[in-house]
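The values are calculated or read from the model by the stated rules, or taken from the named source; none is laboratory data. What you see is a predicted model; the values in this text were computed from it and never measured. Backbone-built Cβ (ideal geometry, glycine too); neighbour counts: all protein chains shown.
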């Protein structure tokens, strides 16, 4: 087992969202087969929602099942499918780690990229996104019929631009851009 940090963003993943977009859980589909290709190997995925709802993964070195659980949504309207890699554990996304699909909590040292980014890098990214926002608002100002004020009050776009410029000044004062 790995004991170092594993970035989840770099692992290949399958999710309920993607399967729902493919129509896997639509009415009338109770048993479906998919073929998932990864670098140098193929994984056959058999989804069975009739008898015991489960997903069976068949690859060259393993053949295993992960149960599916259907739970009511938080709004109480309808139901949602979840993977259940361990009893009492429900997840909507599985990651391919060490040759098997696992939930995020089953991978030791699993973190997302944004959790390991250093403070200076975060500040640089924050400044970049702020500059992009200012650029978009400036482009909006270049429009033919743009009005900075309406009835002696600043428009929403003008207020957003002023707020972004103020935020940029605050970043410069704290030496975040240096």
Give just the number: which of (1) surrounded by 11 or more Cβ atoms within 10 Å (Cβ to Cβ); (2) in a helix (DSSP H, G or I) does residue 146 not satisfy?
-> (2)
Could we say that residue 109 is free of Cβ contacts under 8 Å to residues at least 24 places away in the same chain and closer than 30 Å to residue 59 by Cα here?
-> no
Inside segment 57-78, the number of residues satisfying the requirement of being closer than 16 Å to residue 17 by Cβ, without any contact (Cβ under 8 Å) to a residue 12 or more places away in the chain and surrounded by 12 or more Cβ atoms within 10 Å (Cβ to Cβ) is 0
Please determine, by comparing only the residues of segment 7-32 that are at pLDDT below 75 and in a strand (DSSP E or B), which one is surrounded by the fewest Cβ atoms within 10 Å (Cβ to Cβ).
-> 31
So is residue 135 under 30 Å from residue 114 (Cα atoms), without any contact (Cβ under 8 Å) to a residue 12 or more places away in the chain and part of a helix (DSSP H, G or I) or not?
-> yes
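For the condition closer than 15 Å to residue 101 by Cβ, more than 25 Å from the chain's Cα centre (by Cα) and modelled with pLDDT under 85, what is the one hit in 48, 61, 44?
On the way: 48 fails: closer than 15 Å to residue 101 by Cβ; 44 fails: more than 25 Å from the chain's Cα centre (by Cα).
On inspection, the qualifying residue turns out to be 61.
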Please work out which residue is surrounded by the fewest Cβ atoms within 10 Å (Cβ to Cβ), limiting yourself to segment 101-120 and to residues that are assigned to a strand (DSSP E or B) and touching a helix residue (DSSP H, G or I) at 6+ places or on another chain (Cβ under 9 Å).
-> 111
